[in-house]
Amino acid sequence: MSEPLTKQELHYLAMNIVGKDLEEQGFEFLGVNSELKKDPQFVALKNKDLHFVIVRATSYPQDAHVYDPVLMETIKAHAAKFEAKTYYAGVGLGHGSDYAKPVIKDEDYTLVYKGIQEV
């Protein structure tokens, strides 16, 4: 029987999705941190501006686009020291045939992602 992805594997998947989106938007990566709970996940440049991007993988019933305001204010204060903009990228992940079920290794998955949102 197939097994669900671990929290770390879901985090890697979310980071790959967000990373591709950032590349397509013209961001240049200065730093990437894929370790769980180490923020920000991406430090990137675009138009000579510095950007901190926080990535979170979520699953049903959690709303992928709702973030922890206390955490984000902490990150935003840290980013301000570097004159960086702060973004949140929530990625909702679920099983391919039923979003409410966990993502299974080597099977299709369902994705809820609206892009990065400035904090």
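The values are calculated or read from the model by the stated rules, or taken from the named source; none is laboratory data. Keep in mind that this is a model prediction, so the values were computed, not measured. Don't worry about glycine lacking a Cβ; one is built from the backbone with ideal geometry, like all the others, and counts go over all protein chains shown.
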Can ALA100 be described as part of a loop (DSSP other than H, G, I, E, B) and surrounded by fewer than 17 Cβ atoms within 10 Å (Cβ to Cβ)? yes
Which listed residue, of TYR60, TYR87, is surrounded by 15 or more Cβ atoms within 10 Å (Cβ to Cβ) and either in a helix (DSSP H, G or I) or modelled with pLDDT of 95 or more (or both): TYR87
Please verify whether the range 70-84 includes one or more residues that are touching a His at 6+ places or on another chain (Cβ under 7 Å), more than 17 Å from GLY19 (Cβ to Cβ) and modelled with pLDDT of 95 or more. yes
Regarding THR110, is this residue closer than 30 Å to GLU3 by Cβ and polar (S, T, N, Q)? yes
Go through (1) under 29 Å from GLU3 (Cβ atoms); (2) surrounded by 16 or more Cβ atoms within 10 Å (Cβ to Cβ) and name the single condition ASN33 misses. (2)
Anything in the range 42-79 that is among the aliphatic types (A, V, I, L, M), over 22 Å from PHE29 (Cα atoms) and over 11 Å from the mean Cα position of the chain (by Cα)? List them, or say none. VAL66, VAL70, LEU71
Conditions: (1) touching a helix residue (DSSP H, G or I) at 6+ places or on another chain (Cβ under 6 Å); (2) of a type in the set (D, E, K, R); (3) surrounded by fewer than 16 Cβ atoms within 10 Å (Cβ to Cβ). LYS114 meets all but one. Number of the miss? (1)
